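In what follows, a single structure is set out as structure tokens and then discussed.
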Amino acid sequence: MSSPEIASLSWGQMKVKGCSTTYKDCKVWPGGSRTWDWRETGTNHSPGVQPADLEEVVKKGVKTVVIGRGMSEALQVPASTLDYLKKNGIDVLVLQTEKAVAEYNALAAQGVKVGGVFHSTC
């Protein structure tokens, strides 16, 4: 199963190819995507992305995770989150969201089992 292409990104809006939903923040993995609801894990800009935010994506068998920190990179990624991914043998890229989406799409096009979490504002 391949990772779906992120079809479009603008401030506060993301579209994933093959999905009719418009996301503000989203999670993607081989074969699927859904809204990334920060309230599920108590995530805020600081301390940022928690291991709990990534568990669902990791369980999909991804080899690489791309984290989009927002348009102005306001979303933090603590060392504990990076350690969690490394312990699971997963490569991680942490980038400004526009760059993160471009990198994610390039990896997906190459057939890499890639997943991601993307913040589309700040």
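The values are calculated or read from the model by the stated rules, or taken from the named source; none is laboratory data. As the structure is a computational prediction, the values presented were derived from the model and not from experiment. Reconstructed Cβ throughout: ideal geometry from the backbone, glycine too, with neighbour counts over all protein chains shown. Calculation scope for accessible area: heavy atoms of the full protein, side chains included, ligands and nucleic acids excluded. Shrake-Rupley method; radii C 1.70, N 1.55, O 1.52, S 1.80 Å.
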Point to revise | Distance violations [Cα-Cα > 21 Å] among Lys59/Lys87; Lys24/Lys87; Lys24/Lys113 | key: Lys24/Lys87; Lys24/Lys113
**Study point:** P(r), alpha carbons of the chain - 5 Å bins starting at zero, rounded %
**Key:** 2, 13, 26, 27, 22, 9, 2
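Could you work out the local net charge near Val57, counting Lys and Arg as +1, Asp and Glu as -1, over the other residues with Cβ closer than 12 Å to its Cβ?
Summing Lys and Arg as +1 and Asp and Glu as -1 gives +3.
Suppose all protein chains stay in the model; what accessible area per residue would a 1.4 Å probe give for the chain, in Å²?
Result: 48 Å² per residue.
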Check your understanding: What does the charge add up to near Leu75, with Lys and Arg as +1, Asp and Glu as -1, over the other residues with Cβ less than 12 Å from its Cβ?
Key -> -2
Exercise for review: Summarise the accessible area of the chain (1.4 Å probe, protein heavy atoms) by the percent that is carbon and sulfur.
Suggested key: 49
Point to revise | Prolate/oblate/rounded label for region 59-122 (Cα gyration tensor, a/c 1.5) | key: oblate
Point to revise | the chain - percent relative contact order, Cα under 8 Å, separation 6 or more | key: 33
